[in-house]
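Below is one structure; the comments refer to it alone.
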Amino acid sequence: MSLPSATLLAQSILSGVFIGALYGLLGLGLSLSWGMLRQINLAHFALAFLGAYLTHQLTAVAHWDPLLTLLVIVPAFFALGVLMQATFARFAITPFNSLLVTFGLTVIIESAIQAIWTADPRMLDSAYGHSKFKVGALYVPLPELLTLVFAIALALLTWATLRYTDLGKAMRAAAEDAKAAAAFGVDVRRLALLLSGASAAFAGVAGLCLALSFTLAPSQIYAWIGVVFAAVMIGGLGNPLGPLVAGVVIGVSESVTMAITAPAWAPLVSFSLLIAVLLARAEKI
Amino acid sequence: MKTVTRLSTAWTAAALLALAAAGPAQAATSGPPIRIGSTLSLTGPLSGTAIIHKIVGEIYVDQLNKKDGLLGRPVEWVVKDDQSKPDLARTLYEQLITVDKVDLVIGPYATPNIVSAMGVAQRYNKILVHHTMGIPSLAKYDMQFPAWSVGPNPETTVPNTVLDALATLPKPPKTVAIVTSKFPSVFLMSKGAQEVVKKRGLSEVLFLEWEFGNRDYGAIANRVKDAKPDFVWVGAIGLEGNQLLDAMKKIDYTPPLHFYMYPAPGPLAKLPEAKNALAASIFEQHPPFTNNPVAAEFVKLYNDRAAKAGLADNAVETQAAASFSTWQVLEAAIKATNGLNDKAMSDWLKKNQVDTIQGKLRFDKTNNYGDDLMRVKQIQNGQWVTVWPKEWAAPGAKILGQ
Amino acid sequence: MIRNPARTGIVIAGLALATVPLLKLPAFYESFFYLIFYWVVLATSWNILSGYSGYFSFGHGAFFGIGMYTTATLAGQFGVPFVWTLPIAAVISALFGMGLGAVVFRVGRLRGELFALITLAVTFVVATVVLNTPIDGGQGVNLGGVKLPALTGSASSTLYLLMLMMAVATVWIAHAIFRSRLGLGLFAIHDDEDVAEVLGVPTFSYKIGALGISCALAGAAGAIHAMFVSYVTVGETFSVFVPLTVVLMSVLGGTRHWLGPAVGASVITGLLYIFTAGDFAVAGRAAVGLILVVVILFMPDGLLGRFINTGRKRPSDEAPAIPTSTVPASDSALPAAAAGAAPAHALKSGAPSGEPLLMVRGLAKSFKGLRALDGVDLVVKRGEILGLVGPNGSGKSTLINVVSGHYRATAGSVAFSGQGELAGLPAHRIAHAGIARTYQIPRPFPHLTVLQNVALPAMFGRARLTAAEAEREALTWLEFTGLGVKTHALPEDLNLHQRKFLELARALAARPELLLLDEVLSGLTPGEIDGAIRTIRAIRDRGATIVFVEHVMRAVMELTDRIVVLNNGRVIAEGAPADVMARPEVVTAYLGKPHAATA
């Protein structure tokens, strides 16, 4: 173990922040549906990858600017989310059943992706991918910066909506006690549709960020489940800022480990940290 | 008189009709088909590369059937999906052998699945020719034959080949950084490279390992940059090389010389920052490989079918070539022994050489491995060209340094 | 008469399947069944903890992986004969799991998501450790040279038999637990862990026990599987695929049923197999996904959901623990409106003697700065009905909760005659000592029948009855409280009055020395209150000591021998009812200071 230079450490921390932001962005929608709709939506990851593939298609083949793809993806995914919720609402689904149903959906979406785009790995080559800024001695690549901006903006937007607007308060009330909220005139059904649509739209945005920075393959959907679940659970279900903070903590702890010692140990550090935090937090009843 | 004429007309008409119905395709082969069985990872994490092997197999079998088939009989390839799982691969090979009762089996994709298949083949005394076994020491079955000719100790021979190539540069590298995934077959090679570097008197300035499935390469890229190596050996498989290179680009770092063990070749070539990247290869689709008419024809067919299948990368390289060679080896053994007897074919292969698009393959060293036919290729002007050894280099190509 | 039809059936099925190798079928069938048995073991073992108790674990991959690597290391690297590695793998896996449980289950109350996360994190930690140490080190472990025991002529037959034995054992154990005290306790924990603990279920030990059994079985399965794949790598062993799949299989089959996971495992394995023909691989996968979606949408309790706890209609054989329909009719010959015939032996507090039964001294309980109890001193005398009154928020319910162990006291002591100090003990030990309580807002176990709800405290409380005795006891008390016709209903079918009486029956079934009633009359109509008063008096007449927290003053006046008044977490008055309720400080506490200047 050699002592890393300050620049190395700082750049690694930055790198950890960036990937943590992506964990947070992926986790935002998941946390909302889990905390507020009591649905453990595994299909969120598949949706994100679908969004990534769509971004890739529109950018690489149709030559759109990647950011413009959001104009199509966000509304389309919103509609998808509404549709999913409308279907779920017809059946009384417990949280663990929702895990099973959304897993089935994930497999369907994964197969569709593979059928359309094959399992060949694809990486997007965009102008964004080549741009970076320099802040002092540190590099800030544009795609990662975009991811961070999106993650923070969406998390803050959601948090502010839930906290300060009537709509947000209605959502929180419905999440806590749907019957009581309905008695007060809250249209619980419509809010659930809205929430699900927003969640799916967030997945679409996460997909854009995935496409800009990562190589895509259908089986990669599953690579993110573990760590994003961790970020969501640590951050607190339904808490919009939670997954972002937790994600950054995970990302930075792994990145710093990789900077200082053998990178293969990184998961040990981040997950041991998680376990310790969980145990410490659960102590306080 | 009239009756005979009418009868013979009828018979002639019937015969002509039968011939017409049979069609030209049946003309050359006859009899029950020879059934060759295998699995491939058509779904799951390995499916990205397994699709290459599916296309190659289909091309080979189609070509066989267009001519005389094998032993005058048509050939049928029975493929099942092992979903990238070795336990399923094992079970499906058992199904192929004991239920579907195929005549012969051929190997699946990737080391873990090959090991499973090998176990089954061993229990039923079937010959197993395979194409993507990355750990020769695991191949302990007597009747298995690797068509991917890396020799019995690739962890030593391949790094030596690479460093030999680098030694011909005006300024050969003196310091080496080795960064590697812990995927078993890649890890083996990287550990071997570590030994070879030491033996050749070069200085190892960095050795890093990451777990297969790592997402964040920022810190690793930074450490490589900090170590200032002359040469970076990247033990990467699939997407990892691209991700690492991308991370290095983001911090404005291009290694002076870099080598990637098992990259996804097409995507890597497309990256501008992958200029002069090296990789190991047994075949590239340019002369002198394509001077072999069989190879040339195969390249054309493969380019065509891969494009039709929607693959992002249509070029023939190591994976496709190894697969094609596997079929060539099997065909040679069948023809030479004029039958489908596994033992006879095995005995023949151990004593003889087979001409493949890689070159001549032999199977007489440890674990039936033969020569190490790995070459070194380099990305020049966005294309992969073989640069070493000289006799296999593309016309006029030589290795480029910084 | 077969005593245990299900378990006998399991053994018979196992024996039948064991003859399959004799048929000398192609090896493929043995391997295919091997895979089914393998998933049956993993899913069923997972369900023993997670399905029964509701502690949803995402870490089954870790326990299974530990088993795989134990065999890989011992047999592959140290040449230990495979057969010995099997029990060692099971033990190491169990010890690891129980060690984890010992830490995790002790920490506060670890709810569903947190336990799932910790177990998931543990998987990554174990995988990383294995990958970076000589256990694997990155190259994988080759078991090609390890010999299987020569049970049969072929490898696939031997593995088939080994995994068949594991599957039979696992399903047998799952059923045995399902029908045992452990199973009933686990299901109670699933429904309401705190209440289960207060009723006497030793929740910590039971969870650790279930976890240990679950891990041992998974570890053994891993040991055998290492031989099946013969080349063990970290990536394959610890992928997120294993824990995810066992959850899906169990949910598909039905987590509340002992056979559910086995059914789910067979269905999913079979489905995935059907689609392995090369040409339709991708489409086949999508089809499997679609089937999963459709099945769970239309059968939310899983495929076996219809067989779970249909106790409403008839005594179900598949309901946990209690063998039914052996109770002779004469025990139920009690008048429906109850007040009379409680069995004389039931509540032996002894004759009202006036000696102290429960002595509370300086009891304090704080919740993050809020002092709910601020130094309470009181004595409960044997055989009395002690009223505990006070305005809202005075700490009455908190006092009940602390004495019964639902909360742990911040300070002070609770001495119980003949049993010593109770403060600080886990609630189930307090229950064993002979204290029972009702909840102000009834908290029955929603998925257990009325009968099971009442039988549970009889089994786990002071009396520690066997299942059969507990059922008789339960029926008696249900008759006593007027719920005799509802024994096989679920709590959701009862109205509030009936649920309150269910609480009462539950508390009585434990045969407690001291009974704590927490606002048992709230929400009842005047007629119902009269009936309740009669019942409570009858209970005391049988020899119980009762602490009676109540707002309905009429009842307090009628029933109690003494009352204690609480305000702001302290005792402010104590004595005979009429006297105490007239005191000015008590009036002030209830009504506030009078603004008018009259006396």
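Here's the yes/no breakdown for (1) farther than 22 Å from A:Ala86 by Cα; (2) surrounded by fewer than 16 Cβ atoms within 10 Å (Cβ to Cβ); (3) modelled with pLDDT of 90 or more:
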| position | (1), (2), (3) |
| --- | --- |
| A:His130 | yes, yes, no |
| A:Thr147 | yes, no, yes |
| A:Leu157 | yes, yes, yes |
| A:Ala170 | no, no, no |
| A:Ala174 | no, no, no |
| A:Ala180 | no, yes, no |
| A:Ala183 | no, yes, no |
| A:Val186 | no, no, no |
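Out of C:Glu519, C:Glu471, C:Glu479, C:Glu550, report the one residue that is within 25 Å of C:Ala176 (Cβ to Cβ) and not polar (S, T, N, Q).
One residue alone meets the criteria, C:Glu471.
Sort out for me the strands (runs of 3 or more DSSP E) sitting completely within the range B:300-392 that have 2 or more residues that are in contact with a helix residue (DSSP H, G or I) (Cβ under 7 Å, 6 or more places away or on another chain).
B:354-356, B:375-380, B:383-388
May I ask you to say which residue of B:Lys343, B:Lys360, B:Lys390 is surrounded by fewer than 16 Cβ atoms within 10 Å (Cβ to Cβ) and either touching a residue at least 60 places away in the same chain (Cβ under 8 Å) or small (Gly, Ala, Ser) (or both)?
Only one candidate passes the filter, namely B:Lys343.
Search the range A:14-29 for residues being of a type outside the set (S, T, N, Q) and farther than 15 Å from A:Val245 by Cβ, and hand back the single one that is nearest to the other protein chains (Cβ to nearest Cβ).
Only one residue tops the list, namely A:Leu14.
Collect the residues in the range A:251-285 that are in a helix (DSSP H, G or I), modelled with pLDDT under 85 and at the interface with another protein chain (Cβ under 7 Å from one of its Cβ atoms), keeping them in residue-number order.
A:Leu274, A:Ile275, A:Leu278, A:Leu279, A:Ala282, A:Glu283
Do we find a residue being in a loop (DSSP other than H, G, I, E, B), within 10 Å of chain C (Cβ to nearest Cβ) and either at pLDDT 95 or above or touching an Asp or Glu at 6+ places or on another chain (Cβ under 7 Å) (or both) anywhere in the range B:43-63?
The answer is yes; a qualifying residue exists.
How about the range B:121-135: which of its residues are in a helix (DSSP H, G or I) and surrounded by fewer than 22 Cβ atoms within 10 Å (Cβ to Cβ)?
Scanning the range B:121-135 gives B:Gln122, B:Arg123.
Could you please give the count of residues in the range B:215-250 that are at the interface with another protein chain (Cβ under 8 Å from one of its Cβ atoms), surrounded by fewer than 21 Cβ atoms within 10 Å (Cβ to Cβ) and in a loop (DSSP other than H, G, I, E, B)?
Residues meeting the conditions: 1.
Please verify whether A:Asp120 is buried (at least 20 other Cβ atoms within 10 Å of the Cβ) and not in a helix (DSSP H, G or I), treating the condition exactly as stated.
yes
Regarding C:Phe82, is this residue of a type outside the set (Asp, Glu), surrounded by fewer than 24 Cβ atoms within 10 Å (Cβ to Cβ) and within 23 Å of the chain's Cα centre (by Cα)?
no
Every residue in the range B:268-295 that is loosely packed, with under 15 Cβ neighbours inside 10 Å and hydrophobic (A, V, I, L, M, F, W, C), please.
B:Val294
Restrict the check to the range A:75-87 and report whether at least one residue is of a type in the set (A, V, I, L, M), within 14 Å of chain C (Cβ to nearest Cβ) and buried (at least 20 other Cβ atoms within 10 Å of the Cβ).
yes
Tell me, please, whether a residue that is over 19 Å from C:Leu186 (Cβ atoms) and touching a residue at least 24 places away in the same chain (Cβ under 8 Å) can be found in the range C:463-470.
yes
On the given criteria, is B:Leu169 of a type outside the set (Gly, Ala, Ser), farther than 19 Å from A:Gly129 by Cβ, more than 14 Å from every other protein chain (Cβ to nearest Cβ) and in contact (Cβ under 8 Å) with a residue 60 or more places away in the chain?
yes
Kindly provide the set of residues from the range A:113-130 that are under 18 Å from B:Thr49 (Cα atoms), touching a residue at least 24 places away in the same chain (Cβ under 8 Å) and of a type in the set (A, V, I, L, M), ordered by number.
Result: A:Ile113, A:Ile116, A:Ala119, A:Met123.
Out of curiosity, is A:Thr165 more than 30 Å from A:Asp65 (Cβ to Cβ) and of a type in the set (Val, Ile, Thr)?
yes
If you go through the range B:179-214, how many residues are over 22 Å from C:Val141 (Cα atoms), within 14 Å of chain A (Cβ to nearest Cβ) and of a type in the set (D, E, K, R)?
Selection size over the range B:179-214: 1.
Conditions first: (1) more than 10 Å from every other protein chain (Cβ to nearest Cβ); (2) polar (S, T, N, Q); (3) not in a loop (DSSP other than H, G, I, E, B). A:Ser219 passes all but one, so which condition is the exception?
Unmet condition: (1).
For the range B:137-158, indicate whether the set of residues that are in a loop (DSSP other than H, G, I, E, B), without any contact (Cβ under 8 Å) to a residue 24 or more places away in the chain and over 21 Å from the mean Cα position of the chain (by Cα) is non-empty.
No, the range B:137-158 contains no residue that is in a loop (DSSP other than H, G, I, E, B), without any contact (Cβ under 8 Å) to a residue 24 or more places away in the chain and over 21 Å from the mean Cα position of the chain (by Cα).
May I ask you to verify whether B:Asp68 is within 14 Å of another protein chain (Cβ to nearest Cβ) and either crowded, with 23+ Cβ neighbours inside 10 Å or among the acidic types (Asp, Glu) (or both)?
No.
Among C:Phe115, C:Phe124, which is surrounded by 24 or more Cβ atoms within 10 Å (Cβ to Cβ) and either within 7 Å of chain A (Cβ to nearest Cβ) or in contact with a Leu (Cβ under 6 Å, 6 or more places away or on another chain) (or both)?
None of the other options fit; the residue is C:Phe124.
Is there any pair linking a residue in the range C:170-181 that is free of Cβ contacts under 8 Å to residues at least 40 places away in the same chain to one that is not in a loop (DSSP other than H, G, I, E, B), with Cβ under 9 Å and at least six apart or on different chains, and which?
Correct list of pairs: empty, since none qualify.
Could you tell me which of the residues C:Leu524, C:Leu502 is farther than 30 Å from C:Ala415 by Cβ, in the same structural domain as C:Gly390 (by TED's automatic domain parsing) and touching a helix residue (DSSP H, G or I) at 6+ places or on another chain (Cβ under 7 Å)?
C:Leu524
Can you find, within the range B:159-172, the residue that is farthest from B:Asp371 (Cα to Cα) among those that are touching a helix residue (DSSP H, G or I) at 6+ places or on another chain (Cβ under 8 Å) and surrounded by fewer than 23 Cβ atoms within 10 Å (Cβ to Cβ)?
My answer is B:Pro172.
Considering each of C:Thr44, C:Thr70 in turn, give the residue that is out of contact with any Pro (no Cβ under 9 Å at 6 or more places or on another chain), more than 14 Å from chain B (Cβ to nearest Cβ) and buried (at least 24 other Cβ atoms within 10 Å of the Cβ).
Going through C:Thr44, C:Thr70 in turn, just one is out of contact with any Pro (no Cβ under 9 Å at 6 or more places or on another chain), more than 14 Å from chain B (Cβ to nearest Cβ) and buried (at least 24 other Cβ atoms within 10 Å of the Cβ): C:Thr70.
Quick grid of which residues meet (1) among the charged types (D, E, K, R); (2) buried (at least 22 other Cβ atoms within 10 Å of the Cβ); (3) without any contact (Cβ under 8 Å) to a residue 24 or more places away in the chain; (4) touching a strand residue (DSSP E or B) at 6+ places or on another chain (Cβ under 6 Å):
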residue	(1), (2), (3), (4)
A:Arg189	yes, no, no, no
A:Ala201	no, yes, no, no
A:Gly204	no, yes, no, no
A:Ala211	no, yes, no, no
A:Pro218	no, yes, no, no
A:Ile234	no, yes, no, no
A:Gly251	no, yes, no, no
A:Ala266	no, yes, yes, no
A:Val277	no, no, no, no
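The values are calculated or read from the model by the stated rules, or taken from the named source; none is laboratory data. From a predicted model like this one, the values you see are computed outputs, not experimental measurements. Don't worry about glycine lacking a Cβ; one is built from the backbone with ideal geometry, like all the others, and counts go over all protein chains shown.
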